[in-house]
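The values are calculated or read from the model by the stated rules, or taken from the named source; none is laboratory data. Everything numeric here is computed off the predicted structure, so don't read it as measured data. Here the Cβ positions follow ideal geometry from the backbone for every residue, glycine too, while neighbour counts run over all protein chains shown. These area figures cover heavy atoms from the full protein model, side chains too; ligands, DNA and RNA do not enter into them. Shrake-Rupley method; radii C 1.70, N 1.55, O 1.52, S 1.80 Å.
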There are 2 protein chains.
Amino acid sequence: MQYKKIDAADIEYIVSVINDKERVFVGEEINEDYSHDELGAVKKMPEIVVKVLETKEVSKIMKYAYEHSIPVTPRGSGTGLVGAAVPIHGGIVIDLSAMNKILEIDEENLTLTVEPGVLLMEILKFVQEHDLFYPPDPGEKTATIGGNINTNAGGMRAVKYGVTRDYVRGLEVVLPNGEILELGGKVVKNSSGYSIKDLIVGSEGTLGIITKAVLRLLPLPKKAVSLLIPFPSLESAIETVPKIIKSKSVPTAIEFMQRSAIVAAEEFLGKKFPDSSSDAYLLLTFDGNSKEEIEANYENVANICLEAGALDVFISDTEERQESIWSARGAFLEAIKASTTEMDEVDVVVPRNKVAEFIKFTHELEKEFNIRIRSFGHAGDGNLHIYILRDALDEETWKKKLLEVMEYMYKRGRELNGQVSGEHGIGFAKRPYLKESLAPELITVMKGIKMAFDPKNILNPGKVCN
Amino acid sequence: MQYKKIDAADIEYIVSVINDKERVFVGEEINEDYSHDELGAVKKMPEIVVKVLETKEVSKIMKYAYEHSIPVTPRGSGTGLVGAAVPIHGGIVIDLSAMNKILEIDEENLTLTVEPGVLLMEILKFVQEHDLFYPPDPGEKTATIGGNINTNAGGMRAVKYGVTRDYVRGLEVVLPNGEILELGGKVVKNSSGYSIKDLIVGSEGTLGIITKAVLRLLPLPKKAVSLLIPFPSLESAIETVPKIIKSKSVPTAIEFMQRSAIVAAEEFLGKKFPDSSSDAYLLLTFDGNSKEEIEANYENVANICLEAGALDVFISDTEERQESIWSARGAFLEAIKASTTEMDEVDVVVPRNKVAEFIKFTHELEKEFNIRIRSFGHAGDGNLHIYILRDALDEETWKKKLLEVMEYMYKRGRELNGQVSGEHGIGFAKRPYLKESLAPELITVMKGIKMAFDPKNILNPGKVCN
């Protein structure tokens, strides 16, 4: 595909559409941040950045780009980890972060209508003030809701509440050719043709640009309790999780963490974690509407853990104590990042009873390749976050080791009937692993769908299956 | 599209694939039931029916049909209401009802793996014996799970638990060209390319044939209580529902019913309903793990209803009493059908706070057109089931009135930001209304997706967007 380079006429047209020079950036004016995302392994500067405020602007730019075969990459707050928002073919970056209005809360239908640039933390806070609850809870709270929908973000509470997809009722989407589509709405059920909404969710900005979303809300649970449970080893901690699931208790979240991650977070935040004397921990939350309801649930789980060799059970029932634990959990990624020179990540998801086996395997790789590997993640839903750290390795050794270690990890993920990504997406960085993981016929179907939406391949080209 | 007619060579090939003459039916041998579904408004006999037992058989037949441009229509137990399983172009019907094995229950991952022909009632019973729960609960329990996935069936418990889509973790699908795809799996999260699984859910057998499904299970709630609440009028009953939603109580189900439907069910079942003296009722269920948890929830709702003019609140806390109420609710469709000569249905879904307005409108239509209209449905999720009854009308008057009444209903549905179908699907019968309801650009996208899966348009042609 031959893409057109941006020239003076293109810039002039885009400025005329936006009618506000302050929101169009060209050449030297473009902040370097637009060339990469949070992990930064892939970098490329866009030719022009447009900070949009309205769906109409997105539509007009897309229509123009489509006519002229100019690549367009949509971007939220750039907290992605797989390069999905990096304009690898240059062209236009549409920055949606200023489309950040909360448009409506509808308490009779339990929906929230938002623009795509609203930050996750703003949504959580806003709905809580109305005694309502938006359950998806990824660690990165400065991500935009548009980005969360595009990766089908999951987060910690997926064990009980599911993932972002389960909370998207309706979308407004601008197609690659500039057409504006309304998908779904405030309705609870919908069997009216193919679910294009569900195809857009998790499509990483390659099929359309989300310009509005109707989210489903739940009543806010009145109480929550967290349990921090130390174990003598990571294996013994993780092997307890399938027993918890099998016991029919319903925790909101089950996270696992190693001492090294906790210590790194303590240093990073300058705050002490309630306990960091053991090798490994499970961190669980239970929520509900009464103390009794939650207690019945967690007492059962506490006993299962103690029987499985847990060293203790620390119960946090005040908001303050829970906040201190979960803020440390939320800082793991940043803390690990701060502890090394460069890193890359694996976001594999496996069936819940295979987590222990997978983590054990990463420990073997760590020894075999003599490279630092850190992990934490969602033991309760099988989604692992594994970080391979460069530390003092030279460029060549790092690249080589990283590639080999990753190959081994994704291979083992496939053997365990896992998937390449639980919630971070494929973007640019994970494309080779997606292709190895899925049947060629399935990749062909995905390419066919991309063609149906974007025959000129101008919207976020070179990502996911392309 | 010119389709090939079945000839002796085709029959010979199919018999050779199946290697069991008893499972292949041709011409006179074909039961008339294969020409229609539950509502029977559209009829057409297939040229050949194949009762498959294995994925491999489905794959071979599809490969052959694809090569020879023979239309194929997949069928479960034929309980559909929109003609989706009717072979309107003749050709092959693949009957999946004998692929009815429950393959595995995995209590560590809370999944159930089934073949597509397993009946919903068998799943409900089987998982309950393991103290587990498959929440989707459409009235028609003799539907197959394959059919439920293909219409994204919702049912009564959608208020609290969502719809079928929310419980499909993985699928095995045979594509129109005979390729076999594995989608998803036992994993809880998945952001690995476009969600083809979610595209197949609700696609009514037009994109692929589901040959296996991995379903998500929940722990079985330990207790349930039903509330039957009489109101002086249907409007006052339905207008209470948004107040219940707004109160942050979480009922499992909120159904509305009119006296006429109850009386018809009483006659049909030969059993008395606990109360049928009032004009209208709300029927609610609450479930949970303790009496206290449920009580706190329903007492609040009972008070809201009484304040809103409810005449009484009947509480059913024994399994026996609840069974008697819900079996009557389950018989509404059959009872209405038995009360008339012919009927057609509207399965529109509107935002929950628009249900009262819509129902009021159907009452106006009933008077204006002097035609009997009966309704019941899921007040808690905005999905209405409205039946237009022929009674003694002559053919011409019936056709004319039906068309006009339907046009008006779907128009009002659109005005209220509703969708054509909440859970029955589009199939053959609702295609014109889908086309009126959605933007042409959206229909174009759907057609493009169909083309990507099925360029020869041989799989269930003439359905949904085609």
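Note on the stretch A:174-196: residues that are within 9 Å of chain B (Cβ to nearest Cβ), outside any helix (DSSP H, G or I) and either touching a residue at least 24 places away in the same chain (Cβ under 8 Å) or of a type in the set (A, V, I, L, M) (or both) total 11. There is at least one residue in the stretch A:153-165 that is over 23 Å from B:Val349 (Cβ atoms), facing chain B (nearest Cβ under 10 Å) and open to solvent by 30 Å² or more (accessible area, probe 1.4 Å). Of the listed requirements (1) in contact with a Pro (Cβ under 9 Å, 6 or more places away or on another chain); (2) modelled with pLDDT of 95 or more; (3) of a type outside the set (Gly, Ala, Ser); (4) open to solvent by less than 20 Å² (accessible area, probe 1.4 Å), A:Ile325 misses just one: (2).
Whether a residue is in contact with a helix residue (DSSP H, G or I) (Cβ under 6 Å, 6 or more places away or on another chain), surrounded by fewer than 23 Cβ atoms within 10 Å (Cβ to Cβ), assigned to a strand (DSSP E or B) and of a type in the set (A, V, I, L, M) was assessed, and A:Leu171 does not pass this test. So which residues in the stretch B:389-419 are under 23 Å from the mean Cα position of the chain (by Cα) and polar (S, T, N, Q), if there are any at all? Answer for the stretch B:389-419, where residues must be under 23 Å from the mean Cα position of the chain (by Cα) and polar (S, T, N, Q): B:Asn417, B:Gln419.
Can you run down the residue pairs with Cβ atoms below 6 Å, 6 or more apart or on separate chains, where the first is in the stretch B:302-316 and in contact (Cβ under 8 Å) with a residue 24 or more places away in the chain and the partner is among the small types (Gly, Ala, Ser) and not in a strand (DSSP E or B)? Partner pairs satisfying both residue conditions: B:Ile304/B:Ser247; B:Gly309/B:Ser236; B:Leu311/B:Ser278; B:Val313/B:Ala302. Applying the criterion of being away from every other protein chain (no Cβ under 13 Å) and farther than 27 Å from A:Lys43 by Cα to the residues of the stretch A:61-113, the residue that is most open to solvent (accessible area, probe 1.4 Å) is A:Lys101. Only one entry in A:Lys360, A:Lys450, A:Lys400 is in contact (Cβ under 8 Å) with a residue 60 or more places away in the chain, more than 11 Å from chain B (Cβ to nearest Cβ) and among the charged types (D, E, K, R), namely A:Lys360. When B:Lys125 is tested against (1) within 18 Å of B:Glu104 (Cα to Cα); (2) of a type in the set (D, E, K, R); (3) more than 8 Å from chain A (Cβ to nearest Cβ); (4) in contact (Cβ under 8 Å) with a residue 40 or more places away in the chain, just one condition goes unmet, and that condition is (4).
If you go through the stretch A:219-243 one residue at a time, how many are of a type in the set (Gly, Ala, Ser) and in a helix (DSSP H, G or I)? Counting residues in the stretch A:219-243 that are of a type in the set (Gly, Ala, Ser) and in a helix (DSSP H, G or I) gives 2.
Taking the listed residues A:Arg431, A:Arg412, the one that is open to solvent by 30 Å² or more (accessible area, probe 1.4 Å) and more than 14 Å from chain B (Cβ to nearest Cβ) is A:Arg412, with no other qualifying. Once the stretch B:1-16 is narrowed to residues that are hydrophobic (A, V, I, L, M, F, W, C) and more than 20 Å from B:Asn460 (Cβ to Cβ), the residue that is most open to solvent (accessible area, probe 1.4 Å) is B:Ala8. Taking the numbered list (1) touching a helix residue (DSSP H, G or I) at 6+ places or on another chain (Cβ under 6 Å); (2) in a helix (DSSP H, G or I); (3) open to solvent by 10 Å² or more (accessible area, probe 1.4 Å) in turn, B:Leu333 passes all entries but (1). B:Leu217 meets the conditions (1) touching a His at 6+ places or on another chain (Cβ under 9 Å); (2) more than 9 Å from chain A (Cβ to nearest Cβ); (3) open to solvent by 10 Å² or more (accessible area, probe 1.4 Å) in every case but one. The failed one is (3).
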